[in-house]
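Take a look at the structure below.
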Amino acid sequence: MSVQDYLDKHMLSRKIEDAVNAAVRAKTADPVLFISNHMRKAVPSAITKVRARQILDSRGIPTVEVDLYTNKGMFRASAPSGAPSGMYGAIELRDGDKAKYIGNGVSKAVKNINEKISEAIVGMDPILQNQIDQAMIDLDKTEKKGELGANAILAVSIAACRAGAAEKEVPLYKHIADLSGGGNHVLPVPAFTLISGGKHAGNNLAIREIMILPVGAQTFEEAMQMGSETHHHLKAVVAEKYGPHGCNVVEDGGLAPDITSFREGLDLVMEAIGRTGYPNKLKIAIDVAATDFCIGSKYDLDFKSPKKSGQNFKSGEEMIEIYKELCRDYPIVSIEDPFDKEDWEQVKYFSGLGICQVVGDGLLMSNPKRLERAIQEKACDALLLKVNQLGTVTEAIEVVKMAKDAKWGVVISQRSGETDDSFLADLSVGLATGQIKAGAPCRGERLAKYNQLIRIEEEIGDQTSYVGENWRHS
């Protein structure tokens with residue numbers, strides 16, 4: 001084939017002429033670069049290849065990573081992972097081979113991507129997120145994505161979302177906002193984990209987390225400064241009272257001193273806040289994770305102390321009185337999972353008191369059916385969104401819409417098993433959730449999200465704002 005025949009076959013002469021004319025009209029100083037970019041835009045938008053692998057998350061447990069290719073380049077994403085979400089959440093596909101990674105390998109999920117999902121979505125336009133996600137859901141054919149694995153589907157979904165943003169030549173958060181039909185870009189208030197307990201820590205504290213919210217900051221960068229300084233002041237306070245071993249951090253970066261009571265932990269945080277100079281700008285949130293210590297209809301506050309377990313049972317009514325007293329004595333503005341995941345009556349009653357934001361995590365499992373029930377029954381007033389409990393970006397957008405339509409708060413949440421993927425940061429800005437819970441202001445996989453929010457704030461500049469005092473109604 002001659003050069004002229006090749007040009008004619010692919011209609012290159014006309015395309016090159018169009019690119020040159022465009023460069024002339026633009027009066028570009030670098031015509032080669034301009035023409036190159038112009039020609040690239042003429043290439044049809046399509047997924048060309050999908051390749052998955054097994055990597056390790058922040059706990060040293062396998063998870064799925066995906067490289068998705070288009071004519072614009074390669075786009076990578078990995079799936080976060082947490083404790084099994086029970087009967088209401090999407091299913092992570094694990095190998096179950098005890099000889100490898102103690103049964104936690106994800107080679108089956110990786111194989112499903114490389115052999116099944118890849119075949120189904122190659123050739124699709126990455127801009128069309130809903131169609132890509134639906135193609136994977138249809139391929140899986142199960143309600144909770146147990147055939148292909150929610151970990152497989154989610155990693156591909158996030159990678160496709162990045163590819164779609166690149167195809168449109170917009171930031172990821174802007175693409176997510178477009179997908180949701182929204183337009184406001186706001187930087188969320190971070191819920192920094194300071195003290196950890198529950199099943200996430202080796203101390204005797206029943207509740208899972210004590211967090212701070214820098215609602216008085218003027219920018220996200222200032223909120224990061226407040227969080228970091230408070231974290232370091234808390235380390236000093238803990239070291240003084242419990243010795244340096246009390247400063248060991250757990251999976252999400254929180255400290256785990258040897259404490260046993262709610263008030264002991266809250267007093268430590270209040271002392272740290274007092275040392276920062278921001279006493280009126282920081283509020284407190286707690287994640288009770290009450291399902292972990294609910295036995296029947298009672299709550300065992302000493303469930304982690306073998307010699308005491310069973311001696312400190314509280315009824316639901318007594319727990320409500322405890323929460324009321326804590327909110328009276330400390331600047332607590334949010335309580336997550338104050339009761340067992342099936343204790344609908346107590347959480348409805350407590351939420352109706354209007355004392356603080358009541359966040360549903362175990363109660364909802366990010367499940368749209370559970371969310372719909374909670375909205376109808378007014379069981380709580382905020383959704384904790386864990387994207388891996390759903391499995392696709394599209395479904396995450398849909399449940400956030402449901403929560404916002406009900407005038408609820410929305411908290412974008414980390415998992416205990418994270419990677420350096422910063423997708424949650426862009427998701428929180430794109431969906432304007434107003435709240436993000438990504439762990440302590442330490443550990444690389446947690447800071448990946450917070451640092452990305454600093455970059456987004458810098459990039460958007462005056463076109464965005466930090467929600468601050470309006471964290472509940474962004």
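General observations
- Positions within the range 47-70 being surrounded by fewer than 17 Cβ atoms within 10 Å (Cβ to Cβ), touching a residue at least 24 places away in the same chain (Cβ under 8 Å) and either small (Gly, Ala, Ser) or closer than 18 Å to Lys168 by Cβ (or both), in sequence order: Thr48
- Residues located in the range 2-24, provided they are modelled with pLDDT of 75 or more and open to solvent by 70 Å² or more (accessible area, probe 1.4 Å): Val3, Gln4, Asp5, Tyr6, Ile16, Val24
- Residue within the range 185-193 that is in contact with a Leu (Cβ under 7 Å, 6 or more places away or on another chain), of a type outside the set (A, V, I, L, M) and in a strand (DSSP E or B) present: no
- Residue match in the range 228-247 (condition: closer than 20 Å to Ser334 by Cβ, crowded, with 21+ Cβ neighbours inside 10 Å and under 19 Å from the mean Cα position of the chain (by Cα)): no
- Gly461 vs. criteria at positive phi, buried (at least 24 other Cβ atoms within 10 Å of the Cβ) and of a type outside the set (A, V, I, L, M): no
Residue by residue, here is whether (1) under 24 Å from Arg59 (Cβ atoms); (2) in contact with a helix residue (DSSP H, G or I) (Cβ under 9 Å, 6 or more places away or on another chain); (3) at pLDDT 95 or above holds:
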{"position": "Lys369", "(1), (2), (3)": "no, no, yes"}
{"position": "Glu372", "(1), (2), (3)": "no, yes, yes"}
{"position": "Thr392", "(1), (2), (3)": "yes, yes, yes"}
{"position": "Ser428", "(1), (2), (3)": "yes, yes, yes"}
{"position": "Leu431", "(1), (2), (3)": "no, yes, yes"}
{"position": "Gly434", "(1), (2), (3)": "no, yes, yes"}
{"position": "Pro441", "(1), (2), (3)": "yes, yes, yes"}
{"position": "Tyr450", "(1), (2), (3)": "yes, yes, yes"}
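- Contacts under 6 angstrom Cβ, first residue in the range 209-231 being touching a residue at least 24 places away in the same chain (Cβ under 8 Å) and within 15 Å of Leu187 (Cα to Cα), partner β-branched (Val, Ile, Thr) and outside any loop (DSSP other than H, G, I, E, B), 6 or more apart: Leu213/Val189; Val215/Val189; Glu221/Ile454
- Picking from residues in the range 25-39 that are part of a helix (DSSP H, G or I) and exposed (fewer than 11 other Cβ atoms within 10 Å of the Cβ), the one that is modelled with the lowest pLDDT is Val32.
- Taking the range 375-385 as the range and being surrounded by fewer than 24 Cβ atoms within 10 Å (Cβ to Cβ) and assigned to a loop (DSSP other than H, G, I, E, B) as the test, the residues that pass are Lys378, Asp381.
- Count of residues meeting criterion [among the aromatic types (Phe, Trp, Tyr) and open to solvent by less than 20 Å² (accessible area, probe 1.4 Å)] in the range 403-424: 1
- Flag if Ala159 is touching a Lys or Arg at 6+ places or on another chain (Cβ under 8 Å), in a strand (DSSP E or B), open to solvent by less than 10 Å² (accessible area, probe 1.4 Å) and among the small types (Gly, Ala, Ser): no
The values are calculated or read from the model by the stated rules, or taken from the named source; none is laboratory data. The structure displayed is predicted, hence computed values, not measured ones. Heads up, the Cβs are rebuilt from the backbone with ideal geometry, glycines too, and the neighbour counts pull from every protein chain shown. Ligands, DNA and RNA are stripped out before the accessible areas are found, and what is left, the full protein with its side chains, is counted by its heavy atoms. Shrake-Rupley method; radii C 1.70, N 1.55, O 1.52, S 1.80 Å.
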